Amino acid sequence: TSSHKHVCMLALVLSSASLLIGRPPLASPRATVRLCAAEAVVAEPAEEAVAVTAEEVEAPAEPPRVRWEHLFAADLASWESIDQPEAKAALEEELERMEAGSAAELLGPAAVREQLIGCWKLLLAPEADAAMREGVTAGASAPHLSLCGHFQTFSKPDPMDVLTGKPATFMETCEVVADSRVGRAFSTTVKGGFHVDADPLGGLRTVEMYTQRDGAEEALPPNRWNCAHVGSEIRVARAPGGGQRVYCRVDAEAMRAELARLAAEAVEVDPKWAEQEAEQAAAEGAVEEVEDNRPLWQKRIDEADGIQRSANGTPIINHGPIGGSNDGPRTQ
């Protein structure tokens with residue numbers, strides 16, 4: 001109209017904050033007019049107007065940053081479950097910077113072993129990674145089982161183990177597994193040792209070896225990974241296939257609390273697996289029923305003389321045939 005004119009300005013569209021990324025607070029209220037083209041109506045100079053300066057329009061947007069405190073508080077997830085491309089890209093870039101600036105190889109195996117000492121919580125891993133698919137403990141190897149928590153503890157040798165004869169364990173992995181067939185979770189633990197050495201292909205290689213496993217006698221295959229980064233809070237492990245396992249450091253008390261919480265949480269029952277469980281229980285508990293066609297007077301006599309009989313009244317003799325062979329029960 002004659003009393004208004006259209007101008008094109010830039011407006012910023014901020015999506016809802018995700019668990020992974022956020023943007024620093026904007027310094028000026030007008031700084032919200034950036035990035036996304038939008039049309040607005042501005043009043044004539046006679047009326048009070050809000051002007052958009054060129055400096056505000058052209059100022060570059062703050063780069064997204066990783067909100068580690070949110071990620072540390074979250075439960076285990078796969079890389080594939082991050083459905084926000086911007087969040088995923090920001091996290092990948094941050095981890096890439098960590099790996100590029102890592103001094104693990106320069107420090108050497110002894111220093112890295114020292115840095116590993118403590119408790120660690122797995123935050124992210126690829127779905128195809130064996131550590132994510134079935135767990136380091138192999139507790140989630142069945143189709144109806146899924147890993148929902150993974151914690152590791154690296155410790156120094158205890159000299160008292162030699163004196164007391166207790167098996168020395170310098171490594172422990174505890175995992176919580178959700179069972180969608182029965183609707184509950186359970187925890188499983190493996191214990192063993194670890195060593196760090198130079199990888200012939202470059203970098204430092206860590207090998208976890210487990211000799212003790214809950215509910216099983218056999219040892220598990222070694223869990224191998226390359227030490228891409230070990231810091232005061234974050235550890236990045238490269239699996240044999242190249243996938244990134246991202247850990248955060250936790251204290252022992254917090255780790256025990258998280259393990260207890262995850263194991264106590266309700267698990268959604270998958271009807272497919274629940275039906276299979278019911279069929280299996282019915283098959284195991286089924287007892288073949290034989291019709292007892294003895295007349296009532298015969299049943300009374302059999303109960304009175306104490307002789308065990310078959311359904312048709314034939315006495316069951318348990319002391320074997322006359323020949324002395326002890327081949328089991330026989331009927332007379």
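The values are calculated or read from the model by the stated rules, or taken from the named source; none is laboratory data. Quantities reported herein were computed from a predicted structural model and do not represent experimental measurements. Glycine also receives a Cβ, built like all others from the backbone with ideal geometry; neighbour counts cover every protein chain displayed.
Some observations on this one:
- Test: residue in region 123-143 that is free of Cβ contacts under 8 Å to residues at least 12 places away in the same chain, at positive phi and in a loop (DSSP other than H, G, I, E, B): no
- Sole exception among (1) assigned to a strand (DSSP E or B); (2) modelled with pLDDT of 95 or more for Val207, by number: (2)
- Residue count for region 107-153, restricted to those that are polar (S, T, N, Q) and over 17 Å from Asp75 (Cβ atoms): 4.
- Among the residues here, Arg245 does not qualify as touching a Phe, Trp or Tyr at 6+ places or on another chain (Cβ under 6 Å) and among the charged types (D, E, K, R).
- Hits in region 232-253 (condition: small (Gly, Ala, Ser) and touching a residue at least 24 places away in the same chain (Cβ under 8 Å)): Ala237, Ala239, Gly241, Gly243, Ala252
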